[in-house]
Structure formats: structure tokens, C-alpha cells
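Please read the structure below before turning to the comments.
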Amino acid sequence: MATTGAPTARNVWTALIGGSIGNLIEWYDWFVYSTFSVYFASAFFPKGNPTAQLLNTAGIFAVGFFMRPVGGWLLGRLGDRKGRKAALTTSVTMMTASALLIAVAPTYARVGYFGALVLLLARLLQGLSIGGEYAASAAYLSEASKPGKRGFLSSFQMVFMKVGQLFGLALQIILQHSMSDHTLHFWGWRIPFVFGAFAAAGIYYMRRKMLETEAFDQDDTARRERGTLRALFTYKREFLLVVGFSMGGTLCDYMYSTYMTKYLSNTAGLSKDTAALVSFCAIVVFIFLQPLAGALSDRIGRRPLLIFFGVTSTLGTVPLMTALRSVHGFGDALVLMVVGLVIITGYTSISGVVKTELFPTAVRTLGVALPYAIANALFGGSAEYVGLWFKHAGIESAFFWYASGCCAISLVVYIAMRETRNVAFFHRDRTSEQVDA
């Protein structure tokens, strides 16, 4: 179903919810896998060292990321050829199936390693779906936004992601206080995945009623050229920019978001429920920062925020993570975690919109999806596994230096890249918006 009005006339808030809400389930699913792995790791692998069990489940978590480039290519191509709506409905369908698989996966005690295989298949399916979800959502939101408001409205993609994480944390806290530790290990960990499957199914029906974006409908590129690798690789520089642009940001995002709860309990020695409460409160603050930073980028540009992130993350990661390792209570941990989240807001609030502004309509979804998925596979998805590997080897502090080095590389990219705030998506906007060279 095509749109009939310009982005300035359409109901952008309806588009915002429809385009963003899949990210809520995406992040919820990925987050509950990571946080509840402390409960179900022993269900899929033989008894032994708890860190080794977590390492196995983190490995499966990381493997899911390596399907992201495949999903980015498949759904990115679909989004550019058939429309953003088609990609968004397909991705949420796969999310539903993958959550159900995890919810019903048999344990090691019943079927041996077959349960871990089911877990792996579910993560691979999630990787496929999320490989295209982020890009299709980013393209949809930026194309549906009013001129001069893209940074603000697109920042809600991250808001919904973190609300999904918040739901996961809230459910974790509720289950920790309403169930015994034994019950959570035995079957309680399945509840979040059942909930995720039903929520994803509901979003599927919501997205079936979405309108397509005007930018896609009015693009005059021949259909056979839309979303092709040949067309994409005419933008090799932009492709490489997205990879370099994303590596430090996505690593720090996963480090502070998914790895942190485990880090506070497994390394700092806080109880699991205290670590979860710290993360919950910090993420609430983080959510409110996103639209503020997005709106700021509409006024001063995207590069200043990215450079802020690059400098502070390069210089601050090692001392901040070192300090978090020594916290003794809720207050200290919360303050330090909020500091880390303030730093990465310079990246998270505008990462989606900047990527879409680098590519034209005909390859926008694929242009965001494929290089971003590659960066996520190499740096984001592996963050938890690398952190646990360093811990298992007795040199956990090396992980902090690794993250700092990735941020330094991204900083070079931020300094070298052009400003994208004024890129026009419509020909009519070119009289009022100056397209940067």
C-alpha cells in the first residue's frame, strides 16, 4: 500500500511506532538470551566450570551474529526491491519462530547435545532476521521523518531497542523475586522466550497495516537495479565507512548493555538481582538521553556527537571498566554504568540515521544492512564471547584495551567522514537542504 502524502504531512508517529517496535522485540530477544544464560547454560551443556558453560552459550550467542551479514543481504535486498514494509514483516516472522524454538528446546539431560543444536538453530534464525530488521527499520524511520527532524525521530529506534532490554530486565527482576533460584534454572528461564514469541506475533499483525514510505514509492531506479550488490558496490567508500563507523560503537553498546549485567555479577561480585537492578535503572536514564541527543544532532550535526563518543570511549573505557570491577554496592555501580551509557549515546542516538544518509534510496536498506551486519558480527556479537574468553584466560583487563582500540579506529572514521545532516531524500527538498559533497 503506497503513501500519498509527503513525510511532512503523514502521521510520522504512527510510522515511528510501526517502524521501531520490531527493534523492541529484537533487543528483548537478544538481551534475554544473554542475561538468562546464567540460568539455562547448565541445561544445555554438561556440568562443570560455570564460566566454561557461559562461554559455550556466549559462543552460540556470537554465532548468531555471523548470520547477520546473510540476513542483511537477503532482507536488505528485499527491502530495496519490494519495500521496507516487506522486509519488516518478514524479519518479525522469523523472530517469532526463533523465540519459540528456544522456549521449547530440550535439555542436555534429556537429549544430550541435541538441545544445544536446537539453541544454535534458533540463534542462526534470529541472526538472519535481525540482519535485516535494523536496516529496514532505520530506512523506514528516516524516510518517514520530516525534514530537519530525522535525527530526533530516528533516535527512537534506539529508544525502542532499549525499552525491549528494559522489558527483559524487568521480567528478570520479577522472576528472580517470585521464583527460587532452582526453579529459574529448571524451567523458569523459558518464560521470557514464550513472551517474546507472542509479542513478535502481535507486531507482525501490526506491521501488515503499515504504509510504504514515499521515498521508496517515488524512486525511479529500475527495479532490477534496486538492492543489488553491483549497485551497492558503486558506493564502496560508504560501505567501508559504515564498517569502520560501527565497530567501536557496536562493541561498546553490547559491552555496556548485554555484557555488563554478567560482568557486575561474575567479576565485581554483586548479586544477580542487584546487577539486574543496576542495569535496569541505568537503561531508564539511557532511554531518555536518546531523543535529546538525536534532536541535538539536527541542530549541530552528526559528526560532533560521533567525535564526542570516539574521544571519550577511546580514553575512558579502560579506567571506567576497571573502576566497575571494584564496585561494592548499587550506588557506585549505577553511577559508573550511567557514565558509560552517556558516552555511547553519542553513537547510539544517531547511528541508524547517519548510515541511511550515506546511501541513495535504491540501495539504502542493503547499504545499511550488509556493512553494519559485518561490523556487528566481527565486533558486537563477539564482544561478550571475547570478554568471557579473556576472563577465562585470567587477563580480563585486556578486553578493555581491545574495546578502546576499536573505538580509536572508529574515531578516525568520524573525523574523516563528511557531515550528513543536510542530505536530501526528496528532490523537492534540495532547494532548502544543501547536499554535502
- prompt: With each label point set 7 Å from Cα along the Cα-Cβ vector, what nm distance links ALA323 and THR267?
  reply: 1.5 nm
statement: Reported to the nearest 10 Å², ILE415 has, with a 1.4 Å probe, an accessible area equal to 100 Å²
- prompt: Given charges of +1 on the Cβ of Lys and Arg and -1 on the Cβ of Asp and Glu, with all other atoms neutral, how large is the dipole of the chain about its Cα centre, in debye to the nearest 20?
  reply: 700 debye
Within the stretch 171-288: Cβ-based charge dipole about Cα centre, in debye rounded to nearest 20 (Lys, Arg +1; Asp, Glu -1): 320 debye
field: Per residue accessible area of the chain, 1.4 Å probe, in Å²
entry: 37 Å²
query: Tell me, what % of the accessible area of the stretch 86-186 is carbon and sulfur with a 1.4 angstrom probe?
result: 73 percent
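Treat every Asp and Glu Cβ in the stretch 229-347 as -1 and every Lys and Arg Cβ as +1, leave all other atoms uncharged, and give the resulting dipole magnitude about the Cα centre to the nearest 20 debye. Present the calculation step by step, with values, prior to reporting the outcome.
Working: 9 positive and 5 negative charges, 89 e Å.
Dipole size: approximately 420 debye.
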message: Using the basic label-point model (7 angstrom from Cα toward the beta carbon), what is the PHE288 to THR274 distance in nanometres?
response: 2.5 nm
- prompt: Which of the listed residues, GLY352, LEU336, ALA424, is farthest toward the dipole's positive end in the stretch 302-437, when Lys, Arg count +1 and Asp, Glu count -1 at the beta-carbon?
  reply: ALA424
- request: Tabulate in residue order the Karplus-calculated ³J(HN,Hα) for the stretch 374-380, using 6.51 cos²θ - 1.76 cosθ + 1.60 with θ = phi - 60°, rounded to whole Hz; enter x for Gly and Pro.
  value: 4, 4, 5, 4, 7, 10, x
field: Positive-end residue of LEU166, MET260, LEU232, charge dipole of the chain with Cβ unit charges
entry: LEU232
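How high is the FRET efficiency between ILE173 and ALA86 when r is their beta carbon distance and R₀ equals 45 Å, given to the nearest 0.05?
Efficiency computed from Cβ-Cβ geometry: 0.75.
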field: Estimated [θ] at 222 nm from DSSP helical runs (n ≥ 4, -39500 (n - 2.57)) normalised by residues in the chain, nearest 500
entry: -24500 deg cm²/dmol
- request: Pop a pseudo-label 7 angstrom from the Cα along the beta-carbon direction at both ARG223 and PHE186 and give the gap in nm to one decimal.
  value: 5.7 nm
Dipole of the chain, positive end: most advanced residue of ILE395, THR93, PHE308 [Cβ charges, Cα centre]: THR93
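The values are calculated or read from the model by the stated rules, or taken from the named source; none is laboratory data. The structure presented is a predicted model; accordingly, all values stated were derived computationally and were not measured. No Cβ is skipped: glycine too gets one built from the backbone with ideal geometry, and neighbour counts run over all protein chains shown. Areas reflect the complete protein model, heavy atoms only, side chains present, ligands, DNA and RNA absent. Shrake-Rupley method; radii C 1.70, N 1.55, O 1.52, S 1.80 Å.
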